[in-house]
1. Can you pull out the chymotrypsin sites (Phe, Trp or Tyr not before Pro) in segment B:210-243 whose DSSP state is coil and whose Cβ has at most 13 other Cβ atoms within 10 Å?
2. Specify whether the C-alpha gyration tensor of segment B:387-494 places it in the rounded, prolate or oblate class, a ≥ b ≥ c being the square roots of the eigenvalues: rounded for a/c under 1.5, otherwise prolate if a/b is larger than b/c and oblate if not.
3. Can you give me the C-alpha center-to-center distance between segment A:1-41 and segment A:156-182, rounded to a whole angstrom?
4. Here are some pairs, A:Lys67/B:Lys494; B:Lys476/B:Lys617; A:Lys268/B:Lys317; which of them have Cα atoms lying more than 20 Å apart in this structure?
5. Pick out, from A:Leu229, B:His100, B:Leu340, the residue whose Cα sits farthest towards the positive end of the charge dipole of the protein assembly as shown, with +1 on the Cβ of Lys and Arg and -1 on the Cβ of Asp and Glu.
6. With the crude spin-label approximation of a point 7 Å out along Cα→Cβ, what separation in nm comes out for B:Arg72 versus A:Leu306?
7. As an exercise, identify the trypsin sites (Lys or Arg not before Pro) in segment A:162-193 lying in DSSP coil whose Cβ has no more than 16 other Cβ atoms within 10 Å.
8. Would you mind ranking B:Thr473, A:Thr264 by Cβ crowding within 10 Å, fewest neighbours first?
Amino acid sequence: MFFFGLLWLMVLLTIGTIAQKDLGLYQAQQLYFSSWIVWFWGVIPAPGGQLTMGVIFIGLFAQLIFKTPLKLKTIGISITHLGAFLLILGGIITGYFSFEGSMIIDEGKTSSHFSDYHKLEIAIVDSRPSDHRRVITFDSSYMEKGKILNGHDLPFSIEIINFCGNCTYKKRKINNKDYKGFGKIFKLEHTTLAKEETENRSGISFKLNGNKATSLYSIIEDMPIKQSLVVDGVRYGIEIRHKRYNLPFEIELLDFVKTDYASTAMAKNYKSIVNLIDKKIKQRTIVQMNEPLRYKGYTLYQSSYLQEGEKETTVLSVVHNRGRMFPYISSIIICIGIVIHLLVLAGFLNFLKRDE
Amino acid sequence: MKTISLFILMIFSLQLKADIDFTEFGKIPILHEGRIKPINTFARVNLLWFYEKSNLKEMDANEWLAELLFDRESAFKRKVFRIRNIDVTKALNIKHNKDHLFSFYEVSYPLKEVLPTINKLYSIDEKLRTPSQNQIVALYVKILRYYEIARSLSFINEPFMIPLESVAKDLEVDLNKKLSYLDLFKNKEMIFDKAENLKKKDRKKLSKPDILYLILAQQMYKVQSDEYSEIFKVVPPQFSKKEESHWFSPWQTIQLGKGSPQTVQFFKFWNSLKKSYKDQSSNQWNHDISNIQKISNIMGNGVINKTKLNLEANFNKAEYFTKAISLYILSFLLLSFSWLYKGLLFRRISFGCLILGSVPHIVGLTLRCIIMSRPPVSTLYESIISVALVGVVGAIIYERSKKDGIGTFIGTTLGVILLFVSFSYEKGGDSMGMLAAVLNTNFWLATHVVTITIGYGCCFVASVLGHVYLVQTYIKNKNPQKNFDLVGLNKSMKGVTLYALFFTVLGTILGGIWADQSWGRFWGWDPKENGALLICLWLLFILHGRLIGYFKPKMYAAGLIVTGIVVAVAWFGVNLLNVGLHSYGFTDSIAYNLLAFSLIELVFAGTFLFLVLKKNKKDLV
């Protein structure tokens, strides 16, 4: 079982990697590596990456429990298998319990949240309590035709009538009177998903069911002016955006520094000099290439930067991963295991053998 | 009598020519592609690009560069541009020749004719152009570069002369003496202003000095059009002494106002150097070079590391890897002899040659380490050479313990093939390029990349062992003494696979840890990561297959041959996809070579497996 699992994983890995050329990294990953079932040519089902790795994981587990003879000759192999088991376990924990995204801060500004790379959400902003904005979010499982968004003390419900993962908009020839706002002038159209996942711009069209009247709206990611909904005289903002996480602390960008190799435009290093603000205590620190900032379970890495004239903006990636330590531990275990096995093979540990 | 004197004259002039020593010239520091290097490397890299070799047939790179800088006419007639594609010569309407070599003059005029086409080609994406179109564009860029280098020092040329005393006095220069742009530079504004005013005047009313000023201004404008020559950055930073400080080309120095008393001196010596080149006066040449180096070192004090520059110039000259491959080839030939004539002596000498060959190999890699201050694994080119070394060293260790010639065989095959492959990657430009910001960390290069490199090396050793095992199983000599010990071979195959597995798994996980440290994710399904994982999985697969008895030794040997293919695909193949972080160095020919290699290996493994199995059946009957 383990044996054929490996073989199939190699097949998947090869196909998936080649597919990256056309689909881009993220889509190929979703399709081949993170899936339970792969549909070849859309019709033939086959075990996906996750299922295959699951099978291998169970195989390893069974091996460890039932088939581990405690003999000196095989002790190295057993240790190695334990390491491999931990490695995959760490992978599972990371896969299910970690989240990551990017944090974009202009020089001199402060931020305390970051946006997921992939996951989307629909956010409805209720700004009635003037001192405290209330934000209600609906995650990507709602982004499907026919889904209804309601509850949370909202005096209305929203029915999704159209969702596209990557939209373009076209100016309507005649304004559509059924729609309000953006959708009145522009029409959303599906396009194929982009190779670079970040280039996708998703959008939805929805029906707003208020107490008295219903009306149609369309929204798309990164609209310069946010769509507002007026229900019973109260104004709500609505937007589709990358899922937002709040940090238990704040980051203030003091300065962004980029050094180039002499007389070239090729970056040698870039770093963000930041203030880490937690409960009004400010502490200066530096985030740079290969030197992340770790704080309260979050890790902040220097990932990129934007430069517009004088204005400099840093792009940090933020990760929260409970399975972080597993690869470290398991790699050590695996190495110890193989070294012991090689020593046994070479006869170095013969003196430990009693009478066999 | 006449002929004799002519002959003597010829010998004499040859003698003179040979007297000028270009070695020291090659050690003048220059900043190129973000790195301070000896001029020799600069010359070699450019020549490699134009000529596909780092030295001309008739002269070395230093001499070529000196000619280009100091004797433009000859340099423009020298056949330096290699054009292999007939379609390009057709498009340019030039006559194809056997050497595929053309001079600047031969190429530049035809290129001018098709300039509109080139401009249009520029606006099209590279991938949508045909190969010949790409080569035409590349040729155009090369011609521009060649011209740019040639113009680097044009302001020390002396095309000017002032025949009027009044003007000479105004400009504070000597009468009737050859002058350069630099000599007139301090009065540049004055001359240009005057000329501007004179242009408005009626032509008939112009006096003699007026006309002289007009001509002077026109000539100076012409020379000044060379000011965009930026490539030849030999002027070190004078004020800020940091590694990132800007260097300037001679033209930039004067046009940006970066001049100083020191640079005036500096250019004076360059001028003198040019004269000594033209006069072929060796003493003066050496004197000028040492002065240039001296000033350069004073200006670049704290930035220039003279030891490293000398080391690099010597490294270039020594061509260690060519020496290594020659010794490996010799060793292989001796080994073949030893098989034919069962000579133990030959086998020993051959093993000696292998060890001897590894010396320049190791020295070369070590020098690269010292020059770049980083492990020699940062480019594809370097990684091939390093893998070759791992293979050779592994083979030497193997041979030491078994003493049956197989180790020597493995070492020579890997050394020869991999070094040979590496030479074709050298053409990509300076093989000691600077690294992208993420990769610029010695700790991870030293751990992850070195480990994975050792892993690759072990995989190839295992792969060659697989070949030997299969062939030996098929061709069994009746005299058992002449055969290799199959049982021992079988054991070694497993042992080497374990080593390979150890290093590839460790290297792959270390890569993940680097990724976790640097950009926050252990695994990202990047093609190179997948490639590394594929190698690990394949090794695991054949090992487990062997363990559960699914693979008999013959099958296992065939599996090891496939290991070679898997490694090659993971190593070179992923670059073809052009996605992800690790995609460096892409060429079309890789795809075909890789395909050819994979097919040959598969056919080899298949054929011998088939033959061996068939023979086994016969034996049983």
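No lab work stands behind these numbers, since they all come straight from the coordinates. Quantities reported herein were computed from a predicted structural model and do not represent experimental measurements. Here the Cβ is made from the backbone with ideal geometry for all residues, glycine too, and neighbour counts use every protein chain on show.
1. Numbers: sites: B:Tyr213, B:Tyr221, B:Tyr228, B:Phe232, B:Phe239; in loops: B:Phe232, B:Phe239.
Loop-located and lightly packed - B:Phe239.
2. Values: a/c = 3.41, a/b = 2.30, b/c = 1.48.
Judged from the Cα gyration tensor, segment B:387-494 comes out prolate (a/c at least 1.5, a/b above b/c).
3. First find each Cα centre; the distance between them is then 36 Å.
4. Working: A:Lys67/B:Lys494 22 Å; B:Lys476/B:Lys617 15 Å; A:Lys268/B:Lys317 29 Å.
Pairs exceeding the cut-off: A:Lys67/B:Lys494; A:Lys268/B:Lys317.
5. B:Leu340
6. That separation, rounded to one decimal, is 4.7 nm.
7. Values: sites: A:Lys170, A:Lys171, A:Arg172, A:Lys173, A:Lys177, A:Lys180, A:Lys184, A:Lys187; in loops: A:Arg172, A:Lys173, A:Lys177, A:Lys180.
Qualifying residues, ordered by number: A:Arg172, A:Lys173, A:Lys177.
8. Values: B:Thr473 23, A:Thr264 16.
The most exposed by this proxy come first: A:Thr264, B:Thr473.
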